[in-house]
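Peer 1: Let me begin by handing over the structure; questions about it come next.
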Amino acid sequence: MNFQELLDHLIHDTLRVSLPGFMPELVLCATIVLMLLARLPAFGRRINTVWIALPGCLAALYFAAPWRLLPGLRESADFTAPIFTGMLVYDELTVFFRSLLLVFACLFLVFTRISGIPDREDSPDFYTLVLGGIVGMCLMASANHMVMVFLGVEMASVPSYALAGMLKGRRQSSEAALKYVVYGAGTAGVMLYGISLLAGALGSVHMPTMAMQLATLPAEALAERQTVLLMGGLMVMVGVAFKLSAVPFHFWCPDVFEGASAEVNAFLSVASKAAALALLARLALGFGFVGEPRTAQAPTAHSAAYRALEKRPLVVPQARDALPGRDAPDSDAPDSNVPDSGASPQNAVERLAPVRRFLVGLIGLLAAVTCTFGNLAAYNQTNMKRLLAYSTIAHAGYLMMPVAAAVALIGKDIELAEEAIASLAFYAGVYVFMNLGAFAIVAFLRNTIRSEEIADYGGLIHRSPGVAVALSLILFSLIGLPPLAGFPAKLIAFAYLVPSGLLSLLVIGGLNTALSLFYYLRVVKVMTLDPEPAGRLPASFSMWSPAGIYVAMITLPVIVLGVSFEPLNRWARLAADHLLS
Amino acid sequence: MQSQYVLLLSLVVFLPALGALVLLLFPKDKPEAIKLFSLVVTVLVFLLTVYMAVPSPEGVATPRFELGAAGMQDAFSIDWIPSFNIFYFMGIDGISFTLVLLTSFLSMLAMGASWNITSHVKAYCILYLLLETGMIGVFMALDFFLFYVFWEVMLLPMYFLIGVWGGPRREYAAIKFFLYTLVGSVLMLIAILILYFNSDLRALAAQSDVVAGGSEVVAWDELHLHPDVTRAVREPGDNPIHTFNILALSKMGQHTDLFDAELLWGRSLQWWAFVLLFIGFAIKIPIVPLHTWLPDAHVEAPTPISMILAGILLKMGGYGIIRICYPICPEAAYDLAYVVTGIGVLSMVYGAFAALAQKDFKRLVAYSSVSHMGYVLLGIGVWTATASTNYNPDYWAMGMNGAMFQMIAHGISSAGMFFMVGVIYDRVHHRNLDEFGGLFARSPLYSGLAFGIFFAGLGLPGLCGFIGEFFVTLSVWSYSKAMAVVAAATVILTAAYILWTLQRVYLGAEYRGPHGDRITPITGREVAIAAPLLAFAIWFGVLPQSLFNYMTPSVNKTVQELADWTRDVKESRQRGASRLSINQAPTTSVEGETERIASSTQR
């Protein structure tokens, strides 16, 4: 392959294959540019930027095309799995999470418009940061390459730091932002170091190539690099755990949530978390599984060339020669197409069993500790935002469980493993409404009673029954009580722990559900049973105001999805059922 | 025909919920209209269930309950969540229908007893009607998922009904109730998931008449599976088809070895499933030592909610054990039979002694519930169908029928007792047993009704409480003489605390407690609630057959299936095990041996 051929291939890959799959991000970027430019003319300063951001998000959602997952349309859509020479993957899961993030973004923009943070003055900055963060999260959800993992995490984090400090006059807000930055920078550094360790040990930063290397390296080479690999894996996990606010990297979470405005909290606790989960799933499946490449497209050319340039000196010769599979040098060495007896994809999946054991142990342990700690720490919170921060931490724990189950199931039953990932996607979909609803109510109540203390919610049921009932329903859904959406989400997410044999995790998750009852119920109790605190501003909150209608609109899916969750579940299944096969 | 079943059963379950929706439109300041509307809804539900209970005229096919039929009636299965094989699957048989009747009856009466609720009437009535939907749904659901949803749906209304309208310690009592039940249901959920993922309709089909070449032990039609599922089973394939169908899971527990794999610490999957389910249901019954939520919840709840709690919610535990625990996990139930009966006896004795020690009238009634529900557990657990009795299920059937009867009887008598406490509490605003006395003179009609109902709770012959206790005690004799003696002795304790209570409250020279001037005669509304309860207590005491007719076929079928399982599966397993150990000599009688040979040749 000469240089010209390679270049042609690359141009074709970029323009014809990759860019169409990358349209939503491009639209978001264009929207951001437009928002910034809109500040220049005088009339641009007079309009709220949300009116630019919202159409931009809707257009991006159109290009994200969630309907493309439907069976009829799926065949015609070309899910050319790796795009941009293997940097990203454009598959069904990408479509799902990107659509989810964009749906959230649209709902979120409406929410911020109603709640009045940011004001017109701040709105260009705010929405630029939000959309920038969303682009980063979309990248996280489709990352296929460790550099993209890092870039995605950083692109999502940096706007979040600024958003956390958005309330400029508040000391707490600035403190929260600072804490967030320091924590984020530290974990990002550790993660980057971990990536470089892995790259050194495996000779690549392209995830499928790394997994193939893991599967095909001879035992002595693996044993030699074991420490480096383990360290690298742990360090990468530190970065992901920070984004997930998993224990012990959760310390930023309650402080940031208390300092930042409820709007920003909604953004951090829903979008950021969903993207981090998608990333965790990508990493866990990327290292725990190798499969046939979906299409023999250009990426192989790139990665082959790239490996030829960079990797040859690193890899033990005999192992490198026996490297077939997904991104094996098919294109530059067609004669190695015949797989070696020792390294067919089937065999490679088996040989990754130790990696999976490590991943299951690590993710499972993190999940168990995270949900237990989150629930216990939420007990004596008096501030609603802090309480919801710990609730977010606990839910991160629950949400990691299906990932552990999926990785454990890869060796047993690929279909069940895909369903486990689908359960994660379903949970993420439900979670959008639950947490967005909770924070929206907190924000609207802050606007009327000027307080975010739980005690000040006393007697809310008498003053504004609609919003009290809505918040109660959302909190019960967060506990996981039927017939609300949180129940099927939790049930399905826990369900796959049974076939994967992680019963201890199931028991921990179940008991945590019972534990979580106390603190969610305490809020409900204050709202319904307690008398109104003296000196509180009157909480008159009409359900016929825009805020009231918004609350009702967000709460409705929490009920509907609890009773009839088949459509969303089916959609989540469609998103995951070609992931591993 | 199916659409008739769907309509009728769905109407019975969801009519209260629909009523709750309509109530949302009512203006807040019309409490009387709201209460009246709620009462009308509960009466309609009751009339619907009565309509079902009346036998159909000869030769006319109606969706009514058919007397004498043992299997599921009016069963239907509708697509709900196909990706998890979850169906909107309901049906009734003698076990569930009698409890549905009890539920609709008590719900109606308790709504009548709710008239002196004055604060937040609208919210109260909405929650109350939602609660009724949950309760009836639990008894009718045959899909495990649906069952669980209804089971949990009851929790929220109950939490608020205790927490908002209860007594001084209501918040503590409400959260204690919620937490206990939630822990139980989480354990139940774990068991449900374990059972679901190990179930396989293909394996069951091999034992049934649905595929050619199967052994035809199971009648497929009795499982009432959705046609789509049956079609999927008929198609060749080797991926397991999981199910939440309670009937199919029962057959799997009895006729396949799907649930026999070892799960943990040398115990089989079904052993763990049984333990988890049993704890979940036992919290509801409740058993000692998981009963501590009950005195608090019952005492703090307002009178009508206490009636519902004692009359219906406790029965769900017993129902769950009969319908779910025993049929799905027979092996574990067999192995743990002594544990189950032992817990039953413990609850009986402990509850009775605790009741003797109470100073609070309502707390005494609450502990009497613990004691009475112990009989239910004892009657269920009397597994007499073993080799030594030639697999004769008669005594066990008697015990389980007694347990079922006891549930209905206790539903009537305990609801009545709580109502009687409520009537006097509304007047004198205290429940201190030592400060009562002389009520008979002040309010003879009230006292007369109370005597009747309390005697029913005592188990006086001629009243409903006697039949269940008698059947259970009688059946236990052939199972364990020691337990029978204790069970019979508990009757004396029961008589002691109830007679002593009657003496302290109603007899005596005159009332000396506080608010003596407010003791007014019982009102017509109160009589209208107490009199039907007493009437049914007498009716079922004199004519128990009228109730047995409904439930005995289904109860006997359940027992017979388990007895067959003991004969065909369990004993052969044990024999297989004993063949391995050389030292074990045959100890059973000659008849037992011939029976074994006969049964093994049959197989």
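The values are calculated or read from the model by the stated rules, or taken from the named source; none is laboratory data. Keep in mind that what you see is a predicted model, and the values were worked out from it rather than measured. Cβ sites come from the backbone with ideal geometry, for glycine too, and all protein chains shown count toward neighbours.
Peer 1: Do we find a residue being of a type outside the set (A, V, I, L, M, F, W, C), within 11 Å of chain B (Cβ to nearest Cβ) and in contact (Cβ under 8 Å) with a residue 40 or more places away in the chain anywhere in segment A:431-445?
Peer 2: Going through segment A:431-445, the residues of a type outside the set (A, V, I, L, M, F, W, C) turn out to be A:431, A:435, A:437.
From what is left, the residues that are within 11 Å of chain B (Cβ to nearest Cβ) are none.
For segment A:431-445, residues of a type outside the set (A, V, I, L, M, F, W, C), within 11 Å of chain B (Cβ to nearest Cβ) and in contact (Cβ under 8 Å) with a residue 40 or more places away in the chain: absent.
Peer 1: Here's a follow-up. So which of A:Leu445, A:Leu416 ends up being in contact with a Pro (Cβ under 6 Å, 6 or more places away or on another chain), of a type outside the set (Gly, Ala, Ser) and in a helix (DSSP H, G or I)?
Peer 2: On the way: A:Leu445 fails: in contact with a Pro (Cβ under 6 Å, 6 or more places away or on another chain).
Answer to the selection: A:Leu416.
Rundown of residues vs (1) crowded, with 20+ Cβ neighbours inside 10 Å; (2) in contact (Cβ under 8 Å) with a residue 12 or more places away in the chain; (3) under 27 Å from the mean Cα position of the chain (by Cα), yes/no style:
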site	(1), (2), (3)
B:Ser199	yes, yes, yes
B:Ser208	yes, yes, no
B:Glu222	no, yes, yes
B:Arg231	no, no, no
B:Met252	yes, yes, yes
B:Lys284	yes, yes, yes
B:His298	yes, yes, yes
B:Ile305	yes, yes, yes
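Peer 1: Here's a follow-up. Has segment B:500-521 got at least one residue that is of a type outside the set (Phe, Trp, Tyr), more than 36 Å from the chain's Cα centre (by Cα) and farther than 19 Å from B:His429 by Cβ?
Peer 2: Looking through segment B:500-521, at least one residue is of a type outside the set (Phe, Trp, Tyr), more than 36 Å from the chain's Cα centre (by Cα) and farther than 19 Å from B:His429 by Cβ.
Yes or no, residue by residue, for (1) surrounded by 24 or more Cβ atoms within 10 Å (Cβ to Cβ); (2) within 14 Å of another protein chain (Cβ to nearest Cβ); (3) free of Cβ contacts under 8 Å to residues at least 60 places away in the same chain; (4) on the phi > 0 side of the Ramachandran plot:
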{"site": "A:Leu362", "(1), (2), (3), (4)": "no, no, no, no"}
{"site": "A:Leu365", "(1), (2), (3), (4)": "no, no, yes, no"}
{"site": "A:Val369", "(1), (2), (3), (4)": "no, no, no, no"}
{"site": "A:Ala378", "(1), (2), (3), (4)": "yes, no, no, no"}
{"site": "A:Leu387", "(1), (2), (3), (4)": "yes, no, no, no"}
{"site": "A:Thr392", "(1), (2), (3), (4)": "yes, no, no, no"}
{"site": "A:Leu399", "(1), (2), (3), (4)": "yes, no, no, no"}
{"site": "A:Ala406", "(1), (2), (3), (4)": "yes, no, no, no"}
{"site": "A:Glu419", "(1), (2), (3), (4)": "yes, yes, no, no"}
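Peer 1: Only one of B:Phe147, B:Phe177, B:Phe160 is of a type in the set (Phe, Trp, Tyr) and in contact with a strand residue (DSSP E or B) (Cβ under 8 Å, 6 or more places away or on another chain). Can you tell me which? Walk me through how you get there before you give the answer.
Peer 2: Numbers: B:Phe177 fails: in contact with a strand residue (DSSP E or B) (Cβ under 8 Å, 6 or more places away or on another chain); B:Phe160 fails: in contact with a strand residue (DSSP E or B) (Cβ under 8 Å, 6 or more places away or on another chain).
So the residue among B:Phe147, B:Phe177, B:Phe160 that is of a type in the set (Phe, Trp, Tyr) and in contact with a strand residue (DSSP E or B) (Cβ under 8 Å, 6 or more places away or on another chain) is B:Phe147.
Peer 1: Next question. Here is a check on your reading of the model: is B:Ala484 touching a helix residue (DSSP H, G or I) at 6+ places or on another chain (Cβ under 9 Å), without any contact (Cβ under 8 Å) to a residue 12 or more places away in the chain, of a type in the set (A, V, I, L, M, F, W, C) and in a helix (DSSP H, G or I)? Full working, then the answer.
Peer 2: Numbers: touching a helix residue (DSSP H, G or I) at 6+ places or on another chain (Cβ under 9 Å): yes; without any contact (Cβ under 8 Å) to a residue 12 or more places away in the chain: yes; of a type in the set (A, V, I, L, M, F, W, C): yes; in a helix (DSSP H, G or I): yes.
Here the answer is yes, as B:Ala484 does meet what is asked.
Peer 1: Please go through segment A:554-565 and give me each residue that is within 24 Å of the chain's Cα centre (by Cα), touching a residue at least 12 places away in the same chain (Cβ under 8 Å) and either within 11 Å of another protein chain (Cβ to nearest Cβ) or more than 22 Å from B:Phe145 (Cβ to Cβ) (or both), ordered by number.
Peer 2: Pass one, segment A:554-565, residues within 24 Å of the chain's Cα centre (by Cα): A:554-562, A:565.
With touching a residue at least 12 places away in the same chain (Cβ under 8 Å) added as a condition, the list becomes A:554-555, A:557-562, A:565.
Answer for segment A:554-565, where residues must be within 24 Å of the chain's Cα centre (by Cα), touching a residue at least 12 places away in the same chain (Cβ under 8 Å) and either within 11 Å of another protein chain (Cβ to nearest Cβ) or more than 22 Å from B:Phe145 (Cβ to Cβ) (or both): A:Ile554, A:Thr555, A:Gly562, A:Phe565.
Peer 1: Being under 29 Å from the mean Cα position of the chain (by Cα) and without any contact (Cβ under 8 Å) to a residue 12 or more places away in the chain is the filter here, so list the residues in segment B:19-35 that pass it.
Peer 2: Taking segment B:19-35 first, the residues under 29 Å from the mean Cα position of the chain (by Cα) are B:19-21, B:35.
If the condition is that a residue be under 29 Å from the mean Cα position of the chain (by Cα) and without any contact (Cβ under 8 Å) to a residue 12 or more places away in the chain, then B:Leu21 is the only one that fits.
Peer 1: Determine which member of the set A:Leu568, A:Leu497 is closer than 30 Å to A:Asp413 by Cβ, under 25 Å from the mean Cα position of the chain (by Cα) and more than 9 Å from chain B (Cβ to nearest Cβ). Can you show your working first?
Peer 2: Values: A:Leu497 fails: more than 9 Å from chain B (Cβ to nearest Cβ).
Sole residue among the options that is closer than 30 Å to A:Asp413 by Cβ, under 25 Å from the mean Cα position of the chain (by Cα) and more than 9 Å from chain B (Cβ to nearest Cβ): A:Leu568.
Peer 1: What is the residue count in segment A:527-553 for residues that are surrounded by 22 or more Cβ atoms within 10 Å (Cβ to Cβ) and within 14 Å of chain B (Cβ to nearest Cβ)?
Peer 2: Qualifying residue count, segment A:527-553: 2.
Peer 1: In segment B:100-122, is there at least one residue being within 13 Å of chain A (Cβ to nearest Cβ), in a helix (DSSP H, G or I), among the β-branched types (Val, Ile, Thr) and over 19 Å from the mean Cα position of the chain (by Cα)? Don't jump to the end; show me each part of the working.
Peer 2: Step one: of segment B:100-122, the residues within 13 Å of chain A (Cβ to nearest Cβ) are B:119-120, B:122.
Filter once more, so that each one left must be in a helix (DSSP H, G or I): B:122.
From what's left, among the β-branched types (Val, Ile, Thr): none.
So far as segment B:100-122 goes, no, none of its residues is within 13 Å of chain A (Cβ to nearest Cβ), in a helix (DSSP H, G or I), among the β-branched types (Val, Ile, Thr) and over 19 Å from the mean Cα position of the chain (by Cα).
Peer 1: Mind checking which pairs have a first residue in segment B:372-398 that is in contact (Cβ under 8 Å) with a residue 40 or more places away in the chain and a second that is of a type in the set (Asp, Glu) and crowded, with 24+ Cβ neighbours inside 10 Å, Cβ under 9 Å, 6 or more apart or different chains?
Peer 2: Listed by first residue and then by second, the contacts come to B:His372/B:Glu469; B:Tyr375/B:Glu469.
Peer 1: Regarding B:Ser347, is this residue touching a residue at least 40 places away in the same chain (Cβ under 8 Å) and over 15 Å from B:Gly381 (Cα atoms)? Write out each step before concluding.
Peer 2: On the way: touching a residue at least 40 places away in the same chain (Cβ under 8 Å): yes; over 15 Å from B:Gly381 (Cα atoms): no.
Considered against the rule, which asks whether it is touching a residue at least 40 places away in the same chain (Cβ under 8 Å) and over 15 Å from B:Gly381 (Cα atoms), B:Ser347 comes out as no.
Peer 1: Also, I was wondering about something else. For the condition away from chain A (no Cβ under 14 Å) and touching a Cys at 6+ places or on another chain (Cβ under 8 Å), what is the one hit in B:Phe259, B:Phe278? Give the steps one after another, and end with the answer.
Peer 2: Working: B:Phe259 fails: away from chain A (no Cβ under 14 Å).
It is B:Phe278.
Peer 1: Can you tell me which residue among B:Gly351, B:Gly402, B:Gly317 is at pLDDT 90 or above and touching a Lys or Arg at 6+ places or on another chain (Cβ under 7 Å)? Reasoning before the result, please.
Peer 2: Details: B:Gly351 fails: touching a Lys or Arg at 6+ places or on another chain (Cβ under 7 Å); B:Gly402 fails: touching a Lys or Arg at 6+ places or on another chain (Cβ under 7 Å).
The match here is B:Gly317.
Peer 1: Mind checking which residues of segment A:99-148 are within 17 Å of A:Leu283 (Cα to Cα) and part of a helix (DSSP H, G or I)?
Peer 2: Step one: of segment A:99-148, the residues within 17 Å of A:Leu283 (Cα to Cα) are A:136-148.
Within segment A:99-148, A:Gly136, A:Met137, A:Cys138, A:Leu139, A:Met140, A:Ala141, A:Met146, A:Val147, A:Met148 qualify.
Peer 1: So for segment A:525-540 (the condition being closer than 23 Å to A:Gly459 by Cα and within 29 Å of the chain's Cα centre (by Cα)), does at least one residue qualify?
Peer 2: Initial filter on segment A:525-540 (closer than 23 Å to A:Gly459 by Cα): A:525-540.
Of the ones still in play, those that are also within 29 Å of the chain's Cα centre (by Cα) are none.
Checking segment A:525-540: not a single residue is closer than 23 Å to A:Gly459 by Cα and within 29 Å of the chain's Cα centre (by Cα).
Peer 1: Residues A:Leu511, A:Leu521, A:Leu517, A:Leu506: which one is of a type outside the set (Ser, Thr, Tyr), free of Cβ contacts under 8 Å to residues at least 12 places away in the same chain and facing another protein chain (nearest Cβ under 9 Å)? It would help to see each step written out before you state the result.
Peer 2: Numbers: A:Leu521 fails: free of Cβ contacts under 8 Å to residues at least 12 places away in the same chain; A:Leu517 fails: free of Cβ contacts under 8 Å to residues at least 12 places away in the same chain; A:Leu506 fails: free of Cβ contacts under 8 Å to residues at least 12 places away in the same chain.
Matching residue, one of A:Leu511, A:Leu521, A:Leu517, A:Leu506: A:Leu511.
Peer 1: While we're looking at this one, here's another question. Which ones in segment A:462-478 are crowded, with 24+ Cβ neighbours inside 10 Å and either facing another protein chain (nearest Cβ under 9 Å) or over 28 Å from A:Ala539 (Cα atoms) (or both)?
Peer 2: Selection gives A:Phe476 alone.
Peer 1: Here's a follow-up. So, in segment B:233-249, how many residues would count as being buried (at least 21 other Cβ atoms within 10 Å of the Cβ) and small (Gly, Ala, Ser)?
Peer 2: Pass one, segment B:233-249, residues buried (at least 21 other Cβ atoms within 10 Å of the Cβ): B:233, B:243-249.
With the extra rule that they be small (Gly, Ala, Ser), the set shrinks to B:248.
Count: 1.
Peer 1: Moving on. Looking at segment B:1-31, which of its residues are in a helix (DSSP H, G or I) and over 19 Å from B:Val43 (Cβ atoms)? If you could, list the steps in order and put the result at the bottom.
Peer 2: Within segment B:1-31, the first condition is being in a helix (DSSP H, G or I), and the residues that meet it are B:2-23, B:31.
Selection gives B:Gln2, B:Ser3, B:Gln4, B:Tyr5, B:Val6, B:Leu7.
Peer 1: I need the helices (runs of 4 or more DSSP H) fully contained in segment B:144-239, keeping only those with at least 3 residues that are farther than 16 Å from B:Ile328 by Cα, out of contact with any Gly (no Cβ under 7 Å at 6 or more places or on another chain) and at the interface with chain A (Cβ under 10 Å from one of its Cβ atoms). Talk me through it step by step, then tell me what you get.
Peer 2: On the way: elements: B:144-153, B:155-165, B:170-198, B:201-205, B:227-234.
In segment B:144-239, B:144-153, B:155-165, B:170-198 are the helices (runs of 4 or more DSSP H) which contain 3 or more residues that are farther than 16 Å from B:Ile328 by Cα, out of contact with any Gly (no Cβ under 7 Å at 6 or more places or on another chain) and at the interface with chain A (Cβ under 10 Å from one of its Cβ atoms).
Rundown of residues vs (1) within 23 Å of B:Ile95 (Cα to Cα); (2) more than 18 Å from the chain's Cα centre (by Cα); (3) surrounded by 19 or more Cβ atoms within 10 Å (Cβ to Cβ), yes/no style:
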| site | (1), (2), (3) |
| --- | --- |
| B:Gly402 | yes, no, yes |
| B:Ile424 | no, yes, yes |
| B:Leu449 | no, yes, yes |
| B:Gly452 | no, yes, yes |
| B:Cys464 | yes, no, yes |
| B:Ser478 | no, yes, no |
